[in-house]
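The values are calculated or read from the model by the stated rules, or taken from the named source; none is laboratory data. It should be emphasised that the depicted structure is a prediction, and the values quoted were computed from it without experimental measurement. Cβ placement follows ideal geometry from the backbone for every residue including glycine, while neighbour counts extend to all protein chains displayed. With ligands, DNA and RNA removed, areas are computed over all heavy atoms of the protein, side chains included. Shrake-Rupley method; radii C 1.70, N 1.55, O 1.52, S 1.80 Å.
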Amino acid sequence: MTLNKGDKLRNMDKRRGSMPFPLHLQNLHRRSMPVDDRELRSMPEAQPSLLRFSPAEEHRNSCVSDSSDSVISSGSDSDGQVYKVVLLGEHGVGKTSLARIFGGVEDSNDCEETGNTYDRSLVVDDEETSILLYDIWEQENSQWLNDQCMRMGDAYIIVYSVTDKSSFEKASELRIQLHRARQSENIPIILVGNKSDLVRSREVSVDEGSACAVVFDCKFIETSASLHHNVRDLFEGIVRQIRLRKDSKEENARRMANCKRRESISKKAKRFLGRMVARKNKKMAFRQKSKSCHDLSVL
Ligand SMILES: Nc1nc2c(ncn2[C@@H]2O[C@H](COP(=O)(O)OP(=O)(O)OP(=O)(O)O)[C@@H](O)[C@H]2O)c(=O)[nH]1
């Protein structure tokens with residue numbers, strides 16, 4: 001997306017809102033936008049306090065969504081942390097359209113007024129999580145900004161258009177770049193094939209999308225921003241992926257703490273054999289992974 005570098009945006013205050021998909025109340029949308037490199041550099045880290053509503057506003061805006069157990073509401077998440085989710089992808093694949101649905105801004109006439117960052121607290125599975133969604137990826141204008149994007153996210157949504165093969169290839173490149181930038185980290189990534197409504201001009205099949213996700217070890221979903229198809233699932237999915245990794249990190253830390261006593265020889269042997277079997281049986285591992293790449297609620 002092209003960043004708006006106007007003074008108007010520079011001076012705009014951060015606002016936030018909370019509302020279920022779909023949403024038409026533009027004035028409730030909150031944005032905080034890093035409009036150029038300098039601003040992004042000087043931008044303070046998002047604090048949960050920025051995301052709190054006044055009680056009156058909270059009452060007005062909180063609401064339960066119609067079809068699932070998710071709510072987009074105000075307030076901070078249970079651990080007080082705000083997770084940064086970054087949208088990546090080629091020009092025109094629908095990043096902004098997806099972000100605007102998330103942010104509750106759908107009228108394109110409001111383009112000038114909206115920024116590149118959207119925050120929402122989503123209640124998924126009865127738990128609240130605050131998400132700051134960044135739609136600031138630029139293909140060629142700023143290497144610094146792109147490097148920053150690769151480093152700053154707690155989770156990533158890599159979007160391609162199912163009607164544009166080159167955007168699919170670009171998505172693979174982005175996945176590789178991300179892997180290089182964050183090698184040792186197990187970051188949640190969802191590969192998104194957007195514009196699934198354009199059936200006749202499809203150039204990338206569902207199978208190609210999911211095979212790519214399996215190879216690149218990430219989750220996969222097809223969406224249509226135009227029809228709002230699977231958009232809710234996408235954002236709930238990213239929340240679940242963030243939580244799953246957080247939980248498994250905590251679990252690992254707990255396990256490490258408990259594992260002060262020495263492992264028995266038989267346990268070590270079991271672990272070693274387990275690894276050998278997994279390595280030998282790559283086909284099986286591939287099949288297992290490919291089964292789960294569509295399930296955004298498991299690791
Ligand atoms: N049919 C269809 N059109 C879509 C969909 N999503 C986005 N579009 C259209 O595709 C065009 C580009 O969408 P954007 O959301 O601006 O794409 P972007 O990735 O943000 O593009 P840049 O800002 O150039 O990086 C717009 O005309 C959208 O209306 C979709 O799911 N289906």
Low-density loop GluC sites (Glu not before Pro), the stretch 139-181, at most 16 other Cβ within 10 Å, DSSP non-H/G/I/E/B, are E140
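Over 29 Å between Cα atoms, which of K246/K270; K246/K267; K84/K267 qualify?
K84/K267
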To the nearest Å², the heavy-atom accessible area per residue of the stretch 79-233 with 1.4 Å probe amounts to 38
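Quick check on packing: order 144-153, 157-166, 212-221, 180-189 by the mean number of other C-beta atoms within 10 Å, highest mean leading. Display every interim value, and only then the final one.
On the way: 144-153: 17.1, 157-166: 23.9, 212-221: 21.0, 180-189: 13.7.
Ranking the peptides 144-153, 157-166, 212-221, 180-189 by packing returns 157-166, 212-221, 144-153, 180-189.
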quick note, the stretch 82-254, DSSP beta bridge pairs, % antiparallel (nearest 5) is 30
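Among 95-101, 195-201, what's the highest-first ranking by average C-beta atoms within 10 angstrom per residue? Working shown, then result.
Details: 95-101: 24.1, 195-201: 14.6.
Highest mean packing first, the order is 95-101, 195-201.
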One finds, for D147 and K270 with R0 = 51 angstrom and r their Cβ-Cβ distance, a FRET efficiency to the nearest 0.05 of 0.75
Fraction of alpha-carbon pairs in the stretch 82-254 farther than 24 Å apart, rounded to whole percent, equals 33
In whole percent, the fraction of accessible protein surface over the stretch 82-254 that belongs to carbon or sulfur atoms, probe radius 1.4 Å, stands at 44
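Below 13 angstrom from the Cβ of E208, what's the summed charge of the other residues (Lys, Arg +1; Asp, Glu -1)?
On the way: positive: K165, R202; negative: D164, E169, E203, D207, E222.
Charge balance near E208 sits at -3.
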